[in-house]
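Step one of this worksheet: look at the structure below.
What follows draws every value from the coordinates through simple rules; no lab data is involved. Model, not experiment: these values are computed from the prediction. As a convention, Cβ positions derive from the backbone with ideal geometry for all residues, glycine included, and neighbour counts pool all protein chains shown.
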Amino acid sequence: MNKTALVTGGSKGIGYAIAEALISEGYNVTITARHTGEVQEAAHTLNTIGPGKALGLRCDVRKFEEQEDVVKKIVQEFGGLDVLIANAGVGQFATVTDMTLTQWHTVIDTNLTGVFYSVKAALDEIRKAQGYIITISSLAGKNPFVGGSAYNASKFGLNGFSEAIMLDLRHDGVKVSTIMPGSVASYFNNHNPSEADAWKIQPEDIAKIVMDLLTMPVRTLPSRVEVRPSQPPKR
């Protein structure tokens with residue numbers, strides 16, 4: 001039976017590239033996103049790639065019940081869940097003076113609490129499979145910047161969360177890694193990738209790291225992967 005993966009925020013950018021790599025290697029992949037049309041269209045395209053199968057489901061990671069429902073549908077469709085890629089994330093940037101309560105909660109509830117919900121909803125199935133949890137963090141989880149109070153807090157927290165659950169779960173046969181990219185040519189924060197982004201990490205580069213992690217020997221766990229553009233513009 002093919003292995004099964006769940007990729008949150010999988011309709012475009014890094015999440016879609018990861019889903020594409022998994023499908024190409026024969027995984028059955030469920031992608032989630034907040035917009036029904038967008039996620040179903042992405043799943044339709046993924047199903048033209050094969051050999052794995054794709055399922056697209058609308059889900060807001062900030063709502064635990066919706067994440068539970070996604071896992072139930074995955075089990076019904078594919079029989080279990082082996083891999084969770086917790087990728088969904090947002091950015092709201094402002095100084096602490098200007099940061100609104102809504103902006104703060106949007107970022108923290110998506111990037112940090114949303115990952116906790118993803119893990120909590122999937123954990124029973126991941127444990128059964130002795131599977132893998134990979135969280136997509138950021139170098140912003142170790143490098144603060146002006147206007148990044150919410151985003152930095154979410155990613156610093158995500159790094160700590162990821163490494164703590166790695167310690168919680170490794171003796172259950174569950175691996176946990178976090179990937180911390182620098183500048184990526186993605187659609188994050190309403191950016192439209194262009195030729196000007198050629199120097200940045202590409203989404204497929206992150207997907208390659210995911211596939212490398214999934215094929216590591218069972219005895220070996222790269223728990224934190226920092227990745228940067230090899231030749232950023234000189235300043």
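Quick one: compute the contact order of the chain, relative version, from alpha carbon pairs under 8 angstrom and 6+ residues apart, as a percent. Please list the in-between numbers first.
Working: 476 pairs, mean separation 43.6, N = 235.
This gives 19 percent for the chain.
Would you list the membrane-span-like helices of the chain, meaning whole DSSP H runs whose alpha-carbon atoms span at least 24 Å along their axis and whose mean Kyte-Doolittle value is at least 0.0?
The qualifying helices are 149-169.
Looking at segment 197-228, which trypsin sites (Lys or Arg not before Pro) are DSSP coil and have at most 11 other C-beta atoms within 10 Å of their C-beta? Don't skip to the end; give the middle numbers.
Values: sites: LYS200, LYS208, ARG219, ARG224; in loops: LYS200, ARG219.
Passing sites in segment 197-228 are ARG219.
Which residue fluctuates the most in the chain, going by a Gaussian network model with Cα springs under 10 Å, if the choices are LEU84, LEU169, LEU57?
For the chain, modelled as a Gaussian network with Cα springs under 10 Å, the answer is LEU169.
Compare SER24, SER118, SER137 in a GNM of the chain, Cα atoms joined below 10 Å, and give the one with the largest fluctuation.
Between SER24, SER118, SER137, it is SER24 that shows the largest mean-square fluctuation.
Could I have the simple spin-label model distance between ARG219 and GLU163, label points 7 Å from Cα toward Cβ, reported in nm to one decimal?
Spacing of the two 7 Å Cα→Cβ label points: 2.5 nm.
Please check: in the Gaussian network model of the chain (C-alpha springs, under 10 Å), which one of ALA164, ALA54, ALA185 has the largest mean-square fluctuation.
ALA164
Tell me what the chain gives for mean residue ellipticity at 222 nm when only DSSP H runs of n ≥ 4 count, each as -39,500 (n - 2.57), the sum divided by the residue total, rounded to 500 deg cm²/dmol. Don't skip to the end; give the middle numbers.
Numbers: 7 runs with 95 residues, N = 235.
Per the formula, -13000 deg cm²/dmol.
Between SER230 and VAL96, 0.36 nm times their residue separation minus their Cα-Cα distance comes to what?
Numbers: separation 134, 0.36 × 134 = 48.24 nm, distance 3.20 nm.
Gain in length upon complete extension: 45.0 nm.
Place a point 7 Å from Cα of ASN47 in the direction of its Cβ. Which residues in segment 57-82 have their backbone N less than 11 Å from it?
Inside the label zone: nothing.
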